[in-house]
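Asker: The structure follows.
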Amino acid sequence: MQLTKFKNKLGKLRVAADHRHLEYDDGTPFFYLGDTAWELFHRLNREEAQYYLSNRAAKGFTVIQAVALAELGGTDIPNAYGDLPLIDRDPSRPNADYFRHVDQIVQYAEELGLFIGLLPTWGSCWKLVGGDDSAIFTVENARVYGRFIGERYRDNAIIWILGGDQFIESEEEHAIIEAMALGLKEGDGGAHLITFHPRGPGRSAESLHQAEWLDFNMCQSSHGAHDHDNGLFIDHDYALEPPKPSVDGEPHYETMPVGFYYKEISRYDRFDDYDARQAAYWALMAGACGHTYGHNCVWQMWTPEQGPKFWANIPWYESLDHAGAFQMGYVRRLFESYPFQELIPAQDMILDGPTSGGAKIRATRSRNGTFAFIYSPRGEPFTIDKRGFKARRVKESWYDPRYGCTYYVHTTVNASFQTYVPPTSGRGNDWILIMEDEKADTPYPGL
């Protein structure tokens, strides 16, 4: 047997008719698997960008989240070719040389089947309340800049992400974001989806859910603690009206110091691949339309020649193959092995087992009751109600999210309640029970 290779396609994206997931304009479901590369355009040259993008495409990522006006001195420190993005820090006067560099990277991504989740600017450039005096946007120039960047990339594989790690806290800030969103739509003719990346922990839905231009919600569950249930963010968005897809655009990053924004922290306690997996499966089981991964050294494209942010200590090019990045591909492999667009949250299946803390069990099942995934983050036993299934006989298997492999258990009559004990237990021993109609004959994920 031959392992499935990830094959990304390109085309226009839209919100599906059920308002719970994204799809291509031909109706093919789209699994949002993002990587945060905030400093991609600002710090990497074109050869380095190709290397990074090729690595991410091979691992199964579908979206690369990057910023045109970057966080780390993006309007004051030139890119790898000595160019600043704006002339005199004026959003109405973009520098053609800088954006030709962005053009080339966007083109590289397209050649690899990747969408760029493009942030027109980091939030510090529009933040007025409690900002650091680096704001350069007004309502007027935000619309001009939005129109410029929207038109420039109207024919590219783009998802627009407004915000940039900030909350909207005043009417003027709201007006700036609204103007930029309208400028994007004027520029690209409404060709691309738009969302908003908030400060963490936070949700775009808090201030923008009713905005007509906001196609799907994004939360940032952030980096405060181990076992922070980001599924709670998705639960909240899932219950809102009108329904919109939701995704965690910034969970805790691999190798990020835990709770770095608190005064008393240890730079030795860092999130690892298990933390990244736990966040991915908790969010998806709660009904997310995909997930975003991040690595502390990759988002900032850190090298020893630069001052590290948040105690970055491994060059970005050596961090690309850390375990969490590979395991995100296994997440996608599992979900795309089934009609994942049919999944809905199914906490009602869980009758017994941990309901809070790091071992919290989460479940999802298809609308027609023909397959389900139950996630046990610590390998703790759980009891489920099997009567939500429509099939007479059910095939049951364990999926190992560390290595992306599946272990068949047995096929049994579908009736009443059952308790399941995962193969191993303890921190880092997460397992997913796959239940499916015997008649479906689905190949094991990845085969």
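The values are calculated or read from the model by the stated rules, or taken from the named source; none is laboratory data. All of these numbers come straight from a predicted model, not from anything done at the bench. Using ideal geometry, Cβ is built from the backbone for each residue, glycine included, and neighbour counts are taken over all protein chains shown.
Asker: If I filter the range 329-340 for residues that are over 22 Å from GLY428 (Cβ atoms), part of a helix (DSSP H, G or I) and either without any contact (Cβ under 8 Å) to a residue 60 or more places away in the chain or over 14 Å from the mean Cα position of the chain (by Cα) (or both), do I get at least one hit?
Answerer: yes
Asker: What do you reckon, is GLY202 assigned by TED's automatic domain parsing to the domain that holds GLU23, under 23 Å from the mean Cα position of the chain (by Cα) and surrounded by fewer than 18 Cβ atoms within 10 Å (Cβ to Cβ)?
Answerer: No; evaluated as a whole, the condition is false for this residue.
Asker: Do we find that ILE168 is outside any helix (DSSP H, G or I), in contact (Cβ under 8 Å) with a residue 40 or more places away in the chain and either surrounded by 21 or more Cβ atoms within 10 Å (Cβ to Cβ) or not aromatic (Phe, Trp, Tyr) (or both) in this structure?
Answerer: yes
Asker: Report whether or not GLU186 is surrounded by fewer than 17 Cβ atoms within 10 Å (Cβ to Cβ), outside any loop (DSSP other than H, G, I, E, B) and at pLDDT 95 or above.
Answerer: yes
Asker: Another question, if that's okay. Taking only the range 89-138 into account, find how many residues are more than 19 Å from LEU13 (Cβ to Cβ), surrounded by fewer than 17 Cβ atoms within 10 Å (Cβ to Cβ) and within 21 Å of the chain's Cα centre (by Cα).
Answerer: Within the range 89-138, residues that are more than 19 Å from LEU13 (Cβ to Cβ), surrounded by fewer than 17 Cβ atoms within 10 Å (Cβ to Cβ) and within 21 Å of the chain's Cα centre (by Cα) number 0.
Asker: I've got another one for you. Suppose we filter the range 243-266 for residues that are surrounded by fewer than 19 Cβ atoms within 10 Å (Cβ to Cβ) and closer than 20 Å to GLY290 by Cβ; how many remain?
Answerer: 1
Asker: From the list GLU23, GLU39, which one is within 21 Å of LEU193 (Cα to Cα) and crowded, with 17+ Cβ neighbours inside 10 Å?
Answerer: GLU23
Asker: Still on this model: Which of the following residues is farther than 20 Å from LEU119 by Cβ and either aromatic (Phe, Trp, Tyr) or crowded, with 21+ Cβ neighbours inside 10 Å (or both): HIS223, HIS228, HIS236?
Answerer: One residue alone meets the criteria, HIS228.
Asker: Please determine, by comparing only the residues of the range 378-392 that are part of a loop (DSSP other than H, G, I, E, B) and at pLDDT 95 or above, which one is farthest from the chain's Cα centre (by Cα).
Answerer: Within the range 378-392, the match that is farthest from the chain's Cα centre (by Cα) is PRO381.
Asker: I would also like to ask the following. Within the range 263-270, is even one residue free of Cβ contacts under 8 Å to residues at least 12 places away in the same chain, in contact with a Pro (Cβ under 8 Å, 6 or more places away or on another chain) and of a type in the set (A, V, I, L, M)?
Answerer: Yes: the range 263-270 contains one or more residues that are free of Cβ contacts under 8 Å to residues at least 12 places away in the same chain, in contact with a Pro (Cβ under 8 Å, 6 or more places away or on another chain) and of a type in the set (A, V, I, L, M).
Asker: Listed residues TYR293, TYR375; which is in the same structural domain as GLY404 (by TED's automatic domain parsing), surrounded by 24 or more Cβ atoms within 10 Å (Cβ to Cβ), on the phi < 0 side of the Ramachandran plot and modelled with pLDDT of 95 or more?
Answerer: One residue alone meets the criteria, TYR375.
Asker: Related question: Scan the range 56-70 and give yes if some residue there is surrounded by fewer than 17 Cβ atoms within 10 Å (Cβ to Cβ), in the same structural domain as VAL102 (by TED's automatic domain parsing), in contact (Cβ under 8 Å) with a residue 24 or more places away in the chain and among the basic types (Lys, Arg), otherwise no.
Answerer: No, the conditions are met nowhere in the range 56-70.
Asker: Return the total of residues in the range 86-113 being hydroxyl-bearing (Ser, Thr, Tyr) and touching a Ser or Thr at 6+ places or on another chain (Cβ under 9 Å).
Answerer: Count: 1.
Asker: For the range 393-423, enumerate the residues that are assigned to a strand (DSSP E or B), aromatic (Phe, Trp, Tyr) and surrounded by fewer than 15 Cβ atoms within 10 Å (Cβ to Cβ).
Answerer: The answer is TYR407, TYR408, PHE417.
Asker: Please enumerate the residues belonging to the range 205-227 that are part of a loop (DSSP other than H, G, I, E, B), farther than 11 Å from ASP248 by Cβ and touching a residue at least 24 places away in the same chain (Cβ under 8 Å).
Answerer: HIS209, ALA211, TRP213, LEU214, ASP215, PHE216, HIS223, GLY224, ALA225, HIS226, ASP227
Asker: Pick from the range 240-273 the residues that are assigned to a strand (DSSP E or B) and either in contact with a His (Cβ under 6 Å, 6 or more places away or on another chain) or among the acidic types (Asp, Glu) (or both): which of them is farthest from ASP400 (Cα to Cα)?
Answerer: ASP248
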